[in-house]
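Step one of this worksheet: look at the structure below.
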Amino acid sequence: MKPLIINVIFILLLVAKAEPFLLYCPLHVPHTPLMAPSYLLDKYNWIKDEKRQKFAAMVDALDSSIGQIVETLDDEGIRDNTLILFFSDNGSNSDDGWGSNSPLRGAKSSVFEGGIRTPAFMNWPAVLPSGQKCEQVITVMDLFPTLAAVVGLETKNVKGVSP
């Protein structure tokens, strides 16, 4: 376990039995500057392009970090009643040589799909059936009415509805 995630998990353990709680954990990878610990770079030493190697290591770090948080939720017995949201703010900057939005046109800072279409998911085992797929276009701001409804808040002067 790496120091940042140890701190996040420590905070999670402090509040895990309190209801409700919010853990906001914005992870900054993959992102420039491209940096990764040597143990992860070694794992991807078969990738010859240095930028792609660092990118792969950073994605691995992201996956591992999220996995550690989910494992802690499981260990504390609160996983089933925890809503997890995962999303990104933009596509890759394809000019940098390490990311790709293919087959989508455009990149970060553009309004083409390659700049704005990103992976996202919601997971809440006790409430949301698994395996559902949504093709609806959303933005992070669209989540507010849904999140407000989840915690029982009424919204006023807010456009949008909770499904």
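Phi angles of the range 132-138 translate, via the Karplus equation with coefficients 6.51, -1.76, 1.60 and θ = phi - 60°, into HN-Hα couplings of 6, 10, 10, 9, 5, 6, 9 Hz per residue; Gly and Pro are given as x.
The helix-only estimate of mean residue ellipticity at 222 nm for the chain, built from DSSP H runs of length n ≥ 4 each weighted as -39500 (n - 2.57), is -10500 deg cm²/dmol after division by the residue total. The C-alpha atoms of the chain define a longest principal axis, and helix 3-15 lies at about 10 degrees to it.
A simple charge model with +1 on the Cβ of Lys and Arg, -1 on the Cβ of Asp and Glu and nothing else charged puts the dipole of the chain at about 360 debye relative to its Cα centre. Going from the residue with the fewest nearby Cβ atoms within 10 Å to the one with the most, Tyr39, Tyr44, Tyr24 rank Tyr24, Tyr39, Tyr44. 3J(HN,Hα) couplings calculated from phi for the range 118-131 with the Karplus curve 6.51 cos²θ - 1.76 cosθ + 1.60 (θ = phi - 60°) are, in sequence order, 9, x, 7, 8, 10, 9, 8, x, 6, 10, 9, x, 6, x Hz; Gly and Pro show x. Report, in listed order, any pair from Lys108/Lys133; Lys54/Lys108; Lys133/Lys156 with a Cα-Cα distance greater than 26 Å. Listed pairs above 26 Å: Lys133/Lys156. Between the residues Leu147, Gly106, Leu13, the greatest Cα displacement towards the positive end of the dipole of the chain, with unit charges on the Cβ of Lys, Arg, Asp and Glu, is found for Gly106. Scanning the chain for GluC sites (Glu not before Pro) in DSSP loops with at most 10 neighbouring Cβ atoms within 10 Å leaves 1-134 as the longest stretch between them.
Classify the range 3-136 as rounded, prolate or oblate from the Cα gyration tensor: take a ≥ b ≥ c as the square roots of its eigenvalues, call it rounded if a/c is under 1.5, otherwise prolate when a/b beats b/c and oblate if not. Verdict is oblate for the range 3-136.
Per-residue Karplus couplings for the range 62-67, computed as 6.51 cos²θ - 1.76 cosθ + 1.60 with θ equal to phi - 60°, are listed in order as 4, 4, 5, 5, 5, x Hz, Gly and Pro entered as x. Close amide H partners of Gly106, meaning residues 5 or more places away or on another chain with modelled amide H under 5 Å apart, are Gly114. For Arg117, the residues 5 or more places off, or on other chains, whose built amide H falls under 5 Å of its own are Gly91.
Taken together, the values in this text are just the output of simple stated rules run on the coordinates, not laboratory data. Keep in mind that this is a model prediction, so the values were computed, not measured. Cβ coordinates were reconstructed from backbone atoms using ideal geometry, including for glycine residues, and neighbour counts include every protein chain displayed.
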